[in-house]
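S.K.: Pasting a structure below so you can have a look.
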Amino acid sequence: MSIRTRRFLNDPARAVAEMLEGYASAHAGIVSLKNGMVVRTVPKAEGKVGLVIGNGSGHEPAMIGWVGEGLFDVNVAGPIFSSPGPAAILAGIEAADRGGGVILLVSSHAGDIMNAELAIDEAEDAGIDGVEMVVLYDDVASAPKDRITERRGGAGLFFVWKTVGAAAERGDSLEACAAVARMVRDRTRSLSAATGTVAHPVSGQPLGDPEDTTLSVGMGVHGEPGHRLGDDVRADEIASLMIDRLANDADLPSGSQVGLLLNNAGSLTLMELSVLYRGARAALERRGIEAVRSWMGPYATTLDMAGFSFAICHMNAELLELYDRPARGAGFTMAGR
């Protein structure tokens, strides 16, 4: 299996900086570039909770596309697949502070957590109070349920981003916003599948074995290996296997309502996604579970990986109300209901 190593870049070492510059310029009415960070062009009102997320690049439109009204205030983008450093995260906290406290959302990866903790220590030393860190995880393949806090962050973080963004926008307190983030995290599960690998844009080296075309379930967002399936497995079987695993892990009884996300890891076609979504919907219906909200598309990619993720979030009335509030980011827009 050939992988794409030639990319439309200038200097690969400047790819992230030039990406941010171009993206902010293309969406100037929504986001701006400030000291290398993506920020809201129109800040939220004073006194509201600010939301910051720092992450490695290579997963676009996450997280640069999630800055805007009803979403994040600041995204601190690091190098490809690497967390931004503490100083950059501290600058993001300062930029997001509107006087109501700041929530720093951190995907559960060792480097991200370490740098976020160092940034919060530096914020305290600088006299900045009211910074709350919430560590997010959802990938069921990365750790067993009895070690759930060791799981990685995956595409299911979509649900946290949307709901906590809505809570902060409507004026909820720091404590209330943090509680929403943790509640949604604990009600969310995700699982990925992919075939083949991708090449790192800077080094040009593949993240995995380019000769291995086996479908793997449980792939990580940085190309971590998963459990291999046979070459003859069909889309409905894959979707059913993955949905059953998610629903079992979440202990979802018949009659539950969920949000269903099908995330394109980079290069799947709309045809493939639609067939997979059909299979997932049928698998939920067989269990008596209703998908009350659905999204399908490239929300958190791994460059141009040939893969996808399913994520489910166990919904209730409170979360549906937050989920349905309007949002306007360059990579995600919702008119509201």
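S.K.: Being under 13 Å from the mean Cα position of the chain (by Cα) and closer than 18 Å to A167 by Cα is the filter here; which residues of segment 53-74 pass it?
M.R.: Matches in segment 53-74: I53, W66, V67, L71, F72.
S.K.: Condition check: of a type outside the set (G, A, S), closer than 18 Å to P43 by Cα and modelled with pLDDT of 95 or more. Does I93 satisfy that?
M.R.: yes
S.K.: Now for a different question. So, in segment 146-155, of the ones that are open to solvent by less than 30 Å² (accessible area, probe 1.4 Å) and not hydrophobic (A, V, I, L, M, F, W, C), which residue ends up farthest from the chain's Cα centre (by Cα)?
M.R.: R151
S.K.: Working only within segment 1-23, note down all residues that are free of Cβ contacts under 8 Å to residues at least 24 places away in the same chain and not in a loop (DSSP other than H, G, I, E, B).
M.R.: Selection gives R14, A17, E18, E21, G22.
S.K.: Quick one: is A143 free of Cβ contacts under 8 Å to residues at least 12 places away in the same chain and either open to solvent by less than 40 Å² (accessible area, probe 1.4 Å) or under 30 Å from E46 (Cβ atoms) (or both)?
M.R.: yes
S.K.: Let me ask another. I need the full set of residues from segment 156-175 which are open to solvent by less than 10 Å² (accessible area, probe 1.4 Å) and assigned to a loop (DSSP other than H, G, I, E, B), in order please.
M.R.: G156
S.K.: Within segment 176-198, can you find the residues that are within 25 Å of G50 (Cβ to Cβ) and in a loop (DSSP other than H, G, I, E, B)?
M.R.: R187
S.K.: Sticking with this structure for a sec: Pull up segment 176-202, narrow it to residues that are open to solvent by 40 Å² or more (accessible area, probe 1.4 Å) and without any contact (Cβ under 8 Å) to a residue 40 or more places away in the chain, then point me to the one that is farthest from T149 (Cα to Cα).
M.R.: Going through the qualifying residues, I end up with A179.
S.K.: Could you tell me whether segment 27-46 includes any residue that is modelled with pLDDT under 95 and among the hydrophobic types (A, V, I, L, M, F, W, C)?
M.R.: No: segment 27-46 contains no residue that is modelled with pLDDT under 95 and among the hydrophobic types (A, V, I, L, M, F, W, C).
S.K.: Out of A291, A317, A280, which single residue is surrounded by 22 or more Cβ atoms within 10 Å (Cβ to Cβ), under 23 Å from V160 (Cβ atoms) and at pLDDT 95 or above?
M.R.: Result of the check over A291, A317, A280: A280.
S.K.: Can I ask one more? Counting just the residues of segment 1-52 that are among the polar types (S, T, N, Q) and under 22 Å from the mean Cα position of the chain (by Cα), which one comes out nearest to L71 (Cα to Cα)?
M.R.: Top of the filtered list is T41.
The values are calculated or read from the model by the stated rules, or taken from the named source; none is laboratory data. Keep in mind that this is a model prediction, so the values were computed, not measured. Cβ atoms come from the backbone with ideal geometry, glycine included; neighbour counts cover every protein chain shown. Just so you know, the surface numbers come from the protein's heavy atoms only, side chains and all, with ligands and any DNA or RNA stripped out. Shrake-Rupley method; radii C 1.70, N 1.55, O 1.52, S 1.80 Å.
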